[in-house]
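To start, the structure itself, in structure tokens.
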Amino acid sequence: MLYQEFKELYERCTSGNCTPEEQKLFEEYRDRFDLSDMPWIPDFGDRAEIEKRLKTDLQNRLSKNQIKPLIRIRWWAAAAVVFALGGLFVVNKHFDRTTKPHEIASDGNIVKPGSNKAILTLADGKQIILDGLRKGYLFTLNDVAVNNDIDSSLTYQKTTARISRSSQSYNILSTPLGGKYQLTLADGTKVWLNAGSTIKFPINFTSRERVVELSGEAYFEVAHDRNRPFKVSGAGQVVQVLGTHFNINAYQDENAVKTTLLQGSVKVYGKNQTPGVPEIIIKPNEQAVFKNDWFSKITVDAEEFVAWKKGVILFKNADIHDVMRKISRWYNVEVEYQGQLGNDTYNGEIPRNAAFSEVLKILKLDDINVKQNGRKLIVSQ
């Protein structure tokens, strides 16, 4: 089956307009595809070798029972549209349009992928830059020893079992755009902080509640303590748990705050307890969405919302602004939009360690018109 034939078959089958015979052919295409009529550029590498590798890998992926249909469809789209990058990124257009010329500057190498870096602000205002800092013991305060561990994780560890009667003092951990860091709080709770995020937390939890404040995005694995609920406050909402795993996306440039649960149970409510605004109880694979001072609850695949923690920038039915927001945060680039952009949606993934030059190639292949000027990307029709 040639590329153009498969592309047409793919569009019919994924839109639900194919016959049973076409669906069967679609599912069996892995034994028939070739790349002989697919547009090819030198950056792709050797056509025959790529085809052989992809066919073998595709066979392995589709033969695994644990692979979900969505993953299969995503890979089929990759095999048909972006063979050269091995499924690095996948785009499904919801309507056709004429491909326009692309402008990609040659200075993509000045932009690097994000890395482990953060700034710790102490209670007295002193700041410690953690990236490049010697690993090991930093200081002890309020019966808590603070260490910057080898795995780029800041750890607060109680040095005594007694309950401290001192007043709570706070530290702030901030990641810049293009940064991430891990934090272990004094109660044993683990926090993964995404790029452009800030968490304010007590050095030691001395009150009846464990309260932290978040701006940006973080994944929490909360240590269970039935006597002291754990609360995350920020962006107009409060998330309350006893012990559980969840992700909060509370960036200011997003149109909603999203709390996604992976394990346990979570209660989410408005920070100011606005009359008439309901509390939301969510269970695993549910998400509380806080928008315009109102909560709603939806069912999701929770793993999609923690892909960033596992080293992947993931897109599912994302518009161009969603795509560029994630790229701009991780690669620390500015994005400017020019003209009226289309309503295309995108599905796929980019490894967070991908060179920025590869990201630019992917955007070009996926019919996204981008011009780079230093650390600025200009997106246009």
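The label point for residue 160 and the one for residue 267, both projected 7 Å from the Cα toward the Cβ, are 3.4 nm apart. Protein heavy-atom surface of region 110-241, 1.4 angstrom probe: 49% of the accessible area is carbon and sulfur, with nucleic acids and ligands not counted. When the surface is traced with a 1.4 Å probe over the full set of protein chains, residue 245 keeps roughly 40 Å² accessible.
In the complete set of protein chains, residue-level accessible area for residue 25 is approximately 50 Å², probe 1.4 angstrom.
Looking at region 227-368, the pairs of alpha carbons with a distance over 27 Å make up 31% of the total.
For region 157-249, which trypsin sites (Lys or Arg not before Pro) pass both filters: DSSP loop (anything but H, G, I, E, B) and at most 13 other C-beta atoms within 10 Å? Write down the numbers at each step before the final one.
Working: sites: 158, 162, 165, 180, 190, 200, 208, 210, 226, 231; in loops: 162, 165, 208, 226.
When the trypsin sites (Lys or Arg not before Pro) of region 157-249 are filtered for loop state and at most 13 Cβ neighbours within 10 Å, 162, 165, 208, 226 remain.
In terms of distances greater than 23 angstrom between alpha carbons, the cross-link table entries 135/190; 200/271; 135/326 yield 135/326. Within the shell of other residues whose beta carbon sits under 13 angstrom from the beta carbon of residue 157, the net charge comes to -1, with Lys and Arg scored +1 and Asp and Glu -1.
Taking amide hydrogens as placed 1.01 Å from N in the peptide plane, the amide H of residue 266 sits under 5 Å from those of 282, each at least 5 positions away in sequence or on another chain. Note on exposure: 330, 294, 308, 192 ranked by accessible area (1.4 Å probe, complete protein assembly) read 294, 192, 308, 330, with the most exposed listed first. For residue 19 and residue 115, FRET efficiency with R0 = 35 Å and r from the beta-carbon atoms, rounded to 0.05? Efficiency, rounded to the nearest 0.05: 0.10.
Between residue 172 and residue 375, residue separation times 0.36 nm minus the direct Cα-Cα distance comes to 70.3 nm. Model label sites at residue 341 and residue 150, defined 7 Å from Cα along the beta-carbon direction, differ in position by 4.3 nm.
Compute, for residue 337, the solvent-accessible surface of its heavy atoms (probe 1.4 Å) with the complete set of protein chains present, and express it in square angstrom to the nearest 10. Near enough 80 Å² of accessible area.
The values are calculated or read from the model by the stated rules, or taken from the named source; none is laboratory data. Please read all numbers here as calculations on a predicted model, not as lab measurements. Note that each Cβ is placed from the backbone with ideal geometry, even for glycine, and that neighbours are counted across all protein chains shown. Accessible surface is based on the protein model in full, side chains and every heavy atom, while ligands, DNA and RNA are left aside. Shrake-Rupley method; radii C 1.70, N 1.55, O 1.52, S 1.80 Å.
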